[in-house]
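Scroll down for the structure; my scribbles are underneath it.
The values are calculated or read from the model by the stated rules, or taken from the named source; none is laboratory data. These numbers were taken from a predicted model, which means no experiment stands behind them. Neighbour counts are summed over all protein chains in view; Cβ atoms, including those assigned to glycine, are modelled from backbone coordinates with ideal geometry. Side chains included, ligands, DNA and RNA excluded: accessible areas come from the protein's heavy atoms. Shrake-Rupley method; radii C 1.70, N 1.55, O 1.52, S 1.80 Å.
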Amino acid sequence: MTLNRRQALALLATGFALPHGIAAAARPGPTLKEVAGKKGLRVGNAMAGGPDRFENPGYRALTARECHAVVCENATKWPVLQPRPGVFNFKAADAIFAWARKEGLKRRGHTLVWQEDRWAPPWLVQYDFGAQPGREAERILADHINTVTRHFGDDLYSWDVMNEAVDPATGGLRDSVLTRQLGGPLTQIDMCFRLARANLPRTQLVYNDYMGPEVGATKHRAGVLKLLEALKAKGTPIDALGMQSHVGPWSDLEAKGGKAPFREWRKFLDEVTAMGYQIVISEFDVSDRALPADVARRDVGVAARAKDYLDVTLDYRQVTDFFMWGMADKANWLRQQKSKTMREHGLPSRTTAFDDDLSPKPLRDALLAAFRAMPPRA
Ligand code: XIL
């Protein structure tokens, strides 16, 4: 089913005449995981510490009710796991995964390496690699990936091995403190996957990035395709592309009022799948920027943006996982991203499927509609 923007808005508007929260909360209905599960799509959520997230029993219950799986939002990143050279701390991640296991939720990892230096641990960026810098950099990389993958082992079914290695401005591969010591980015990326595979023969290994359908991301998409091709040619052990899917505002796409850019998006997805890669939607949320301040209208706009994106993307059966990057507005990182993504009105952001009081929003219905409309996974 493909609706145009006007039809989607009209459809979504009909269900949401009642004060937000109340109507939806009273409606029992099937969960996201039930509807997606029937089609073979796994639904997940990112979990992080804090009073609005892991420490909130209602939010934990919501995640367990609506999802099949959990990923750590920050707790399995390098700066958290190895805050000082050779000193590892698994406490936060272990707590989240222990709870997930108890709830019967599957578990995935994010991310062994986040390429940009600003997201690497400061000690690594400042590191003195000594007289044999290549060997020392390889030792450090291997130590991190070996220690982390051996700690979690088969408990995680999927790992983001490398995050955001392509520069969106040029489509080229980013340099980092590690790529400079290790013979360039392609060699270093290949090395990361090989190190991971050596410890994880059965785990899905993923390259994760944020290229989207907008015109402005043309170079980014081309760069990611080029990387995926190069890794394939090298025989790198990589199974899937993670598409972060921080949806919108895509002003260039929406200003033109058409779906032409989705033609380019389909071409991108055609090429990724033709190379044999699986696809993980890894960090889904929807920007509410440039939408009306009025809550009801804004929520409908967010839902319509999601539906546009998902109707095209979920059409590909190779998309096996749908992870939300937080599933309540107050538990989503965009609430804190004031300068970049918070609404220009200065109002609290509304970027996820559930309200601050954890009641469902129009976006949740849009997700259910997209899951119902998509073809079954293989
Ligand atoms: C974000 C987290 O949500 C924030 O809490 C943290 O401060 C920064 O990282 N792309 C990614 C994620 O791959 O790891 C990022 O998560 C969001 C963008």
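Is it fair to say P57 is more than 19 Å from the chain's Cα centre (by Cα), away from the ligand (no atom under 16 Å from the Cβ) and open to solvent by 30 Å² or more (accessible area, probe 1.4 Å)?
So P57 fits the description; yes.
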Positions within the range 184-241 being of a type in the set (G, A, S) and either away from the ligand (no atom under 16 Å from the Cβ) or assigned to a loop (DSSP other than H, G, I, E, B) (or both), in sequence order: G184, A196, A198, G212, G216, A222, G223, A230, A233, G235
Criterion (basic (K, R), open to solvent by 10 Å² or more (accessible area, probe 1.4 Å) and at pLDDT 95 or above) met by exactly one of R263, R221, R289: R221
Single unsatisfied condition, H345 versus (1) open to solvent by less than 10 Å² (accessible area, probe 1.4 Å); (2) on the phi < 0 side of the Ramachandran plot; (3) not in a helix (DSSP H, G or I): (1)
Test: residue in the range 157-175 that is assigned to a helix (DSSP H, G or I) and crowded, with 16+ Cβ neighbours inside 10 Å: no
Count of residues meeting criterion [over 22 Å from G109 (Cα atoms) and open to solvent by less than 20 Å² (accessible area, probe 1.4 Å)] in the range 130-155: 1
Filter result (touching a residue at least 60 places away in the same chain (Cβ under 8 Å) and under 30 Å from A100 (Cα atoms)) within the range 114-151: Q115, E116, H144, T147, V148, H151
Candidate set from the range 112-127 (those that are under 19 Å from D190 (Cβ atoms) and open to solvent by 10 Å² or more (accessible area, probe 1.4 Å)); member that is nearest to the ligand (Cβ to nearest atom): W114
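Could you list all residues from the range 73-111 that are of a type in the set (A, V, I, L, M) and open to solvent by 30 Å² or more (accessible area, probe 1.4 Å)?
Once the filter is applied, which keeps residues that are of a type in the set (A, V, I, L, M) and open to solvent by 30 Å² or more (accessible area, probe 1.4 Å), the range 73-111 yields V80, V87, A92, A95, A98.
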